[in-house]
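The values are calculated or read from the model by the stated rules, or taken from the named source; none is laboratory data. Predicted model, so just to flag it, every value in this text is computed and none were measured. All Cβ positions, even for glycine, are placed from backbone atoms using ideal geometry, and neighbour counts span all protein chains on display.
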Amino acid sequence: MLYSVRMRAAQGAAHEAGGRHISGAERLVPKELVAETTQAMLDRAFEHSRGQADFINITVESVAAESVRLLQLLPITTIDTDDVPSGRAEAKLVLANSGVSEKAIEAGFEKLLALEDSMRGAMLICAETGIRLDLRENRGVRVSRMDIGDDAAFSKWLASQGFGNLHIREAIVLATKVANAPGMVAEICWSDDPEYTAGYAASLGGYMRFPKLKAYGSPLGGRVFFIKPGTNIEALIEYLENQPVLVINGEEAG
Ligand code: PML
Ligand code: MG
C-alpha cells in the first residue's frame, strides 16, 4: 500500500473561497514516510517565497499498489539562452517540433502571460486551434498522485547531473506523467516562484529545460498542456488527477 500525500496552500482564504494560490506539492510514499512527508509540506507552505499561507490543506489517501503505473523518466536536456525572450523563442521551437501548431503556441503563451496570478493547476489547450478545453477557469487541472520510484537514488542522480533543487525534482516527475497522458502533445511551464526563473517544454521526446524562461522576481508562472484534437477530455483529466504513477529512472543504476 502507498499513500498519496498532497498539499495546497493559499493566502487570504481557501482556494475555493477565492484565496491566492501560494504552493502545492504531491508525493506517493509508503506508510512509514507519511509523517515526515506531511511535516516537510507544512514547513514548505509556511516558508514559501510567494507569500504567507493562511490556508493549508494536506490530504493523505491510500493507493493500492496494483493501481500504480510505472513510467520511464523523460530524458533531460538544458538549453541555456542569453535572456528570457530568446529562451521563450527556443521553447516555442521545441513545442512546434513536438507537433503543436503556431496558432496554439501563440495562444498558449498569450494565456500564460495574461494570468493576473498563478493558477494551482494547468490549462488544457487544443494543440491545433489553441482553444481552451478544460472548464476549470482560474483553477486549472492539477496533476496529482505521482512520485519518483526510488527517492534516494533519484536525488543522488539528480545532484550528480548538477540538478540539486526541489523544483527540478518535482517538475520532471510531473512532466513525465503528463507526457504519457492520452492525447498529450506537449507541455510548456515556467515557475511561479519569484526567485526561480527556469521553465521547460516537454513531450515524450524529452524534457527541455530553459534556465531563463521568466523574469527574476515575477510570481507569475504556470502550465499549459497542448492536447490532440478529438481527445476525450474527461478521460484525460481523470488520468492527470487520479492515475497513480511512479517514475523510474533507468540511469540511476549506471
Ligand atoms: C516549478 O517551480 O514548479 C516549476 C519549475 C520548472 C522548471 C524546473 C527546472 O529547473 O527544470
Ligand atoms: Mg511553485
**Study point:** Hits in the stretch 211-231 - residues which are surrounded by 17 or more Cβ atoms within 10 Å (Cβ to Cβ) and more than 16 Å from ligand 2 (Cβ to nearest atom)
**Key:** LYS212, PHE225, PHE226, ILE227, THR231
Study note, to complete from the structure: When the stretch 215-254 is checked residue by residue, the ones that are over 19 Å from ALA114 (Cβ atoms) and polar (S, T, N, Q) are THR231, ASN232, ASN242, GLN243, ASN249
Review point. Hey, among ALA215, ALA181, which residue is outside any strand (DSSP E or B), at pLDDT 95 or above and closer than 30 Å to PRO30 by Cα?
Key: ALA181
**Study point:** Residues of the stretch 113-130 classified as at pLDDT 90 or above, out of contact with any strand residue (DSSP E or B) (no Cβ under 7 Å at 6 or more places or on another chain) and in a loop (DSSP other than H, G, I, E, B), total
**Key:** 4
Review point. So which residues in the stretch 21-49 are closer than 25 Å to GLU137 by Cβ and surrounded by fewer than 20 Cβ atoms within 10 Å (Cβ to Cβ)?
Key: ALA25, HIS48
Study note, to complete from the structure: Restricting the stretch 17-58 to residues that are hydroxyl-bearing (Ser, Thr, Tyr) and within 16 Å of ligand 1 (Cβ to nearest atom), the one farthest from GLU195 (Cα to Cα) turns out to be SER23
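Of the residues ALA35, ALA40, ALA25, which single one is of a type in the set (Gly, Ala, Ser) and more than 16 Å from ligand 2 (Cβ to nearest atom)? Reasoning before the result, please.
On the way: ALA40 fails: more than 16 Å from ligand 2 (Cβ to nearest atom); ALA25 fails: more than 16 Å from ligand 2 (Cβ to nearest atom).
Unique residue meeting the criteria: ALA35.
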Study note, to complete from the structure: Among the residues of the stretch 171-201, the number that are within 13 Å of ligand 2 (Cβ to nearest atom) and over 18 Å from ILE79 (Cα atoms) is 5
Check your understanding: Here are some conditions: (1) away from ligand 1 (no atom under 16 Å from the Cβ); (2) in contact with a Leu (Cβ under 6 Å, 6 or more places away or on another chain); (3) not charged (D, E, K, R). GLY130 meets all but one. Which one does it not meet?
Key -> (2)
Point to revise | Checklist (1) modelled with pLDDT under 95; (2) surrounded by fewer than 17 Cβ atoms within 10 Å (Cβ to Cβ); (3) charged (D, E, K, R) applied to ASP192, failing item | key: (2)
